[in-house]
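Notes to accompany the following structure.
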Amino acid sequence: MKPTAFEKDVVDGLNASPKKLFSKYFYDDKGSALFQQIMQLPEYYLPACETEILTEKSSRLIDKLPRKNYEVVELGAGDGTKTALFLESLIRGGKTVRYLPLDISPDILEFNRDYMRKRIPGLPVEPIPGDYFHTLETIKTRKTPKIILFLGSNIGNFEGKKALEFITFVKKYLNEGDHFLLGVDLKKNPRTILAAYDDAAGITKKFNLNLLERINRELAANFILANFDHYASYNPVSGATNSYLISKKAQQVLVAGNLVYFRAFEPIHMEVSQKYSLDDLETIREQAGFHSVQHFTDSRSYFSISLFQT
Ligand code: AVJ
């Protein structure tokens, strides 16, 4: 039988040097629940900052949107609870809005639609399940001006030049007069950033270990979770936060019929959470070919919602 993409990625990643797993696989049911817990952590400042911006700066942001009608397309929409703040401001600002949440998970899209129905009655919602590399295609030919949202610093998970490639890819689906709204976590005191990925309660550790548990369950593997430690690091030059699981000792693990050897203290790279400066974002704007970018930041300048204009 042909292995699934998950199996192939896991086996290839564990046979690579250095070993790596992809953070997109964190989000099974338990992983999604753990991420919800992360968002409540005192150290994980990102959601509060983004909510502050959406609450305090939305009307200024909407002043930059000249048209009356918009289709708001959200990539990796999730539950939509934060997006509702933005949609409400658009409506308050006299705009006519249609909301198109795109997400891999049909379950979360159902939650999103029910939530919007209750919170913003009368708002047209058109959920589109699937991978946004494919689903974006289906909305390209629509005539109504678009605002594409990519919030939550999800862009941080793109490694190195992949972020610019992704933004350039999104730009291809925009027509003149469309907008791209990107939520990004900014470079700041390295200790503040590191604490967000190394919380005292150990939820981020559980979040990382859950991927090994998922591999045990879905790929008939035998990882012993207690044999791995979690280690996060932040590089203030590059702005990359990297998360690793570290093998506490020499050991071997069976994964989908493959024996994988670990040296003592050998790392598995789990995730990058890239941080940007406003200058970095200006460079991205230029390289992706956007006409301008305006930054809306929280009171501490921890986070930016940046509006890219075509
Ligand atoms: C959902 C990708 C924005 O990188 O900050 C949280 C995921 N990882 N804690 C992030 C995450 C560890 C999060 N993103």
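The values are calculated or read from the model by the stated rules, or taken from the named source; none is laboratory data. Please read these numbers as outputs of a predicted model, since none were measured by experiment. Cβ coordinates were reconstructed from backbone atoms using ideal geometry, including for glycine residues, and neighbour counts include every protein chain displayed.
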Requested in this report: Give the stretch 237-250 a look and list any residue that's assigned to a strand (DSSP E or B) and of a type outside the set (S, T, Y), or say none.
Outcome: A240, N242, L245, I246
Report summary line: Scanning the stretch 200-230 for residues that are in contact with a Phe, Trp or Tyr (Cβ under 7 Å, 6 or more places away or on another chain) and either aliphatic (A, V, I, L, M) or within 13 Å of T241 (Cβ to Cβ) (or both), the one surrounded by the fewest Cβ atoms within 10 Å (Cβ to Cβ) turns out to be L209
Query - Selection within the stretch 113-145 - farther than 24 Å from L174 by Cα and in a helix (DSSP H, G or I) - result: R113, D114, Y115, M116, R117, K118, R119
Requested in this report: Being at pLDDT 95 or above, under 16 Å from G78 (Cβ atoms), away from the ligand (no atom under 16 Å from the Cβ) and not in a loop (DSSP other than H, G, I, E, B) narrows it down to one of I155, I148, so name that one.
Outcome: I148
Requested in this report: Return the total of residues in the stretch 241-256 being in contact (Cβ under 8 Å) with a residue 24 or more places away in the chain, touching a helix residue (DSSP H, G or I) at 6+ places or on another chain (Cβ under 9 Å) and not hydroxyl-bearing (S, T, Y).
Outcome: 5
Report task. State all residues of the stretch 17-39 that are among the polar types (S, T, N, Q) and within 12 Å of the ligand (Cβ to nearest atom); if no residue qualifies, say none. Result -> S23, S32, Q36, Q37
Requested in this report: Give the residues of the stretch 158-193 that are more than 15 Å from the chain's Cα centre (by Cα) and within 12 Å of the ligand (Cβ to nearest atom), sorted by residue number.
Outcome: I193
Requested in this report: Considering only the stretch 17-108, give the helices (runs of 4 or more DSSP H) lying wholly within it that have at least 2 residues that are modelled with pLDDT under 95.
Outcome: 29-38, 58-62, 81-92
Report task. Name every residue in the stretch 202-227 that is within 16 Å of the ligand (Cβ to nearest atom) and either aromatic (F, W, Y) or assigned to a loop (DSSP other than H, G, I, E, B) (or both), in order of residue number. Result -> G202, F207
Query - Members of the stretch 263-273 found to be touching a residue at least 40 places away in the same chain (Cβ under 8 Å) and either touching a Lys or Arg at 6+ places or on another chain (Cβ under 9 Å) or away from the ligand (no atom under 16 Å from the Cβ) (or both), listed by number - result: E266, P267, I268, H269, M270
Requested in this report: Check the stretch 274-295 and report whether any residue there is away from the ligand (no atom under 16 Å from the Cβ), over 22 Å from F6 (Cβ atoms), part of a loop (DSSP other than H, G, I, E, B) and among the charged types (D, E, K, R).
Outcome: no
Query - Failed criterion for Y234 (all others in (1) in contact with a Phe, Trp or Tyr (Cβ under 8 Å, 6 or more places away or on another chain); (2) part of a helix (DSSP H, G or I); (3) more than 20 Å from L34 (Cβ to Cβ) hold) - result: (2)
Requested in this report: Kindly list, by first and then second residue, each pair from a residue in the stretch 43-59 that is farther than 12 Å from Y302 by Cβ and touching a residue at least 12 places away in the same chain (Cβ under 8 Å) to a residue that is assigned to a loop (DSSP other than H, G, I, E, B) and near the ligand (Cβ under 10 Å from one of its atoms), limited to pairs with Cβ atoms under 9 Å and residues at least 6 apart or on different chains.
Outcome: E43/Y197; E43/D198; E43/D199; L54/L151
Report summary line: Considering residues that are closer than 18 Å to F228 by Cβ and either surrounded by fewer than 16 Cβ atoms within 10 Å (Cβ to Cβ) or within 14 Å of the ligand (Cβ to nearest atom) (or both), the number found within the stretch 7-16 is 2
**Report entry** Boolean, A250 is at pLDDT 95 or above and either closer than 15 Å to F26 by Cβ or within 16 Å of the ligand (Cβ to nearest atom) (or both)
**Finding:** no
